[in-house]
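This report concerns only the one structure given below.
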Amino acid sequence: MAETAAPETKKNLFLRTSPAALLRAAFDTGSVPGTVELSEITFLTMVGLRVDRNSDAGQRIWSVTGGLPAACGAVAGSGDTSVLWLGPEEFLVVAPMEAHESLGGDLIQALREALADGEGQVVDLSANRTTFELTGPRARAVLEKGCSLDLHPRVLKAGTALSTEIGNIPVVLWKTGDESYRLFPRASFADFLGRWLLDAMREYASPEVP
Amino acid sequence: MLLISCPNCGSRDETEFHYGGQAHVAYPENPNELNDREWAEFLFYRDNTKGAFAERWLHSTGCRQWFNMLRDTVTYEIQAVYPMGAPRPDKAAAAPAPESTTAPEGATK
Ligand SMILES: [Zn+2]
């Protein structure tokens, strides 16, 4: 199906609008370079997995993704494919946009084939969530205004992903580096969370009050 | 705000959870044999316990898994967290387990 339709689909994909596209200019002006910066990473490929990681199907999927995380917070994977732990038998695969079959990628198909008739699910969730990237030395302070998790680096290490609430909405928070976070809000919450983050970032544009 | 210890995720705010009502309400073995009153009691009648109460909780914003909890309805003290399907733990035996016991903020409010 994808092979014959690929060139035409690819062209149409340029017309896609990401969930926070309307905020792109606001993200640019609201970012404080070197302090805290916010941007949307659009159209990442995301796949919902439900499988017992110790089953045969789990092992087959494991070999496609390069691992399945064992416990809450863990992130597995290889190369630019990451697998986030959402539940004991539920995972979220995050991969670059090009991994999606609409752009000629074969990740989802490979996962479906790996699951085969095993117990579980492989569902394309690329349109379910969008991705915000929040970086900079003040990124943690911004998140702490609306997240009850302990985000101090002694507790939350880089490479940890947790499903929680930020600004009172459900978000998957992935600490990708010492001062960089990826936030995955559902598409319908993207506008709200984008504006909430901008508001939380605003004070850092002004000089610090001694 | 209660701080609830999810068996999978650890301590999280109460707002991440959904309450699932009284635990250990078994589905009738043969529902067809129940009269209307018995059926209504199965569906709608729940204990209104003062003190330790076994209840179901769902970590809806986290791992999306159900678990059981023994909570004091007066003090809000969480006395035990245990898996679905497991029998209600003996209150005295469960008490010394420090991990499953969370002293909630504002419990005496
Ligand atoms: Zn949980």
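Each reported figure results from applying straightforward, stated rules to the coordinates on display, with no laboratory input. The shown structure was predicted, so the numbers you read here are calculated from the model rather than taken from an experiment. Positions of Cβ are generated from backbone atoms using ideal geometry, with glycine treated the same way; all protein chains shown enter the neighbour counts.
Of the candidates A:PHE14, A:PHE189, A:PHE43, which one comes out as most mobile in a Gaussian network treatment of chain A with C-alpha springs shorter than 10 Å?
A:PHE14
If you average the sequence gap of Cα pairs under 8 Å that are 6 or more apart and divide by the length of the stretch A:43-127, what percent do you get for the contact order? Present the calculation step by step, with values, prior to reporting the outcome.
Values: 179 pairs, mean separation 33.6, N = 85.
Once divided by the residue count of the stretch A:43-127, the mean separation gives 40 percent.
Provide the FRET efficiency to the nearest 0.05 for the A:VAL123-A:ASP191 pair, computing r from the beta carbons and using R0 = 22 Å.
On the way: r = 24 Å, r/R0 = 1.10.
My answer for the efficiency is 0.35.
What is the dipole size for the protein assembly as shown, taken about its Cα centre, with +1 at each Lys and Arg Cβ and -1 at each Asp and Glu Cβ, in debye to the nearest 20? Provide the component values of the computation, followed by the final result.
Numbers: 29 positive and 42 negative charges, 120 e Å.
With only Lys, Arg, Asp and Glu charged at Cβ, the dipole is about 580 debye.
Among A:LEU15, A:LEU38, A:LEU149, which one moves the most in a GNM of chain A with springs linking Cα atoms closer than 10 Å?
A:LEU15
Apply the Karplus curve 6.51 cos²θ - 1.76 cosθ + 1.60, θ = phi - 60°, to the phi angles in the stretch A:143-153 and return the couplings in whole Hz, x for Gly and Pro.
Each residue's phi maps through the Karplus curve to give 5, 5, 5, x, 9, 8, 5, 7, 9, 4, x Hz.
Just report the Cα centroid separation between the stretch A:181-210 and the stretch B:39-89, whole Å.
After rounding, the separation between the Cα centres reads 37 Å.
Specify the residue with the greatest mean-square fluctuation among A:LEU151, A:LEU13, A:LEU125, computed from a Gaussian network of chain A linking alpha-carbon atoms under 10 Å apart.
A:LEU13
Considering every residue in A:196-207, what mean count of other chain Cβ atoms within 10 Å of its Cβ is obtained?
On the way: counts 0, 0, 0, 0, 0, 0, 0, 0, 0, 0, 0, 0.
If you average over the peptide's residues, the count of other-chain Cβ atoms is 0.
Enumerate the whole-percent occupancy of each 10 Å bin, from 0 to the last occupied one, for all C-alpha pair distances of the stretch A:43-127.
21, 58, 21, 1
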